[in-house]
Amino acid sequence: MKKILLLFALFFTGITVSNAQIFTIGPKVGLSNTTLSIEKNVDDYTAGEARYSYHAGVFARIKITGFYIQPEIYFNSVRGEYRQPFLPVGEGINFNQNKIDMPVLFGWKFGPVRINAGPVASFNLDDLEDFEDAAVEDYKSAVFAYQAGVGLDISKLIVDLRYEGNLSNQATLGADGNVKVNQIMLSVGYKLL
């Protein structure tokens, strides 16, 4: 009888753990609103209009007693703009780049709502030769950033709204105009598991 009860308890525990959905994975796509932050050399260059772009990739989520870790990898097409004072109003210079972003977010889930934050490693797919404007110098092949935001889980659908900011400079404009990329990201994902 004890063996039967033990087997029943193990079976029940297995069903409970599998239904708890400790691990989730799925695709995600979204839109970004990008602005450039330019430090130093502000007499020669200023940030221009915000630009929209897109991102697409996959996410995974591992739940640990109300908290979770969510690693992601996605292609991020960034479109930004900067200006030089002598240009007419409305004429900015494009700062476009393609990169692979790999955030690792740490979060807390209460009901369908989530909050999260974490570091991001960004690997640029472009190099300095891809920029037509000679003012862009010292273009980094990889930078570190951070993300922080909120999310919502609706059945198998996930929605995330985040802010991403560079921790290190993305490039240099002119002699010493340090460029950082800032994004507001809205994405939608689907839980396959």
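Could you sort out which of Lys140/Lys191; Lys28/Lys180; Lys109/Lys180; Lys28/Lys63; Lys28/Lys140 sit more than 28 Å apart by Cα distance in this structure?
Listed pairs above 28 Å: Lys140/Lys191; Lys109/Lys180.
What do you get for GluC sites (Glu not before Pro) in segment 25-118 restricted to DSSP loop and a cutoff of at most 13 other Cβ within 10 Å of the site's Cβ?
Taking segment 25-118 and a limit of 13 other Cβ atoms within 10 Å, the loop GluC sites (Glu not before Pro) found are Glu49, Glu91.
Between the DSSP loop rule and a limit of at most 14 other Cβ atoms within 10 Å, which GluC sites (Glu not before Pro) in segment 107-193 are left?
Glu132
Can you work out the Karplus-derived ³J(HN,Hα) for every residue in segment 23-30? Use 6.51 cos²θ - 1.76 cosθ + 1.60 with θ = phi - 60°, whole Hz, and x for glycine or proline.
10, 10, 8, x, x, 8, 9, x
At 1.4 Å probe size, with every protein chain present, just tell me what the per residue accessible area of segment 42-115 comes to in Å².
51 Å²
Each residue of segment 152-162 in order: what ³J(HN,Hα) in whole Hz does its phi give by Karplus 6.51 cos²θ - 1.76 cosθ + 1.60, θ = phi - 60°, with x for Gly and Pro?
9, 9, 10, 6, 8, 8, 10, 10, 10, 10, 9
How big is segment 135-193 by Rg and Dmax over its Cα atoms, in Å?
16.2, 51
Given points 7 Å out from each Cα along the Cα-Cβ axis, report the Phe123 to Ala56 separation in nanometres with one decimal.
Result: 2.0 nm between the two label points.
Can you send over the solvent-accessible area of Arg79, 1.4 Å probe, protein chains only, in Å² to the nearest 10?
Counting only protein heavy atoms, Arg79 exposes about 70 Å² to solvent.
Heavy atoms of the protein only, probe of 1.4 Å, neighbouring chains included. What is the accessible area of Ile154 in Å², nearest 10?
For Ile154, solvent-accessible area is about 90 Å².
How do Leu173, Leu31 stack up against each other in accessible area, from largest to smallest, with a 1.4 angstrom probe?
Result, largest first: Leu31, Leu173.
The values are calculated or read from the model by the stated rules, or taken from the named source; none is laboratory data. Just so you know, these numbers come straight off a predicted model, no measurement behind them. A quick note on method: Cβ atoms are made from the backbone with ideal geometry, for glycine too, and the neighbour counts reach across all protein chains shown. Protein only, heavy atoms only, side chains kept; ligands, DNA and RNA dropped before computing areas. Shrake-Rupley method; radii C 1.70, N 1.55, O 1.52, S 1.80 Å.
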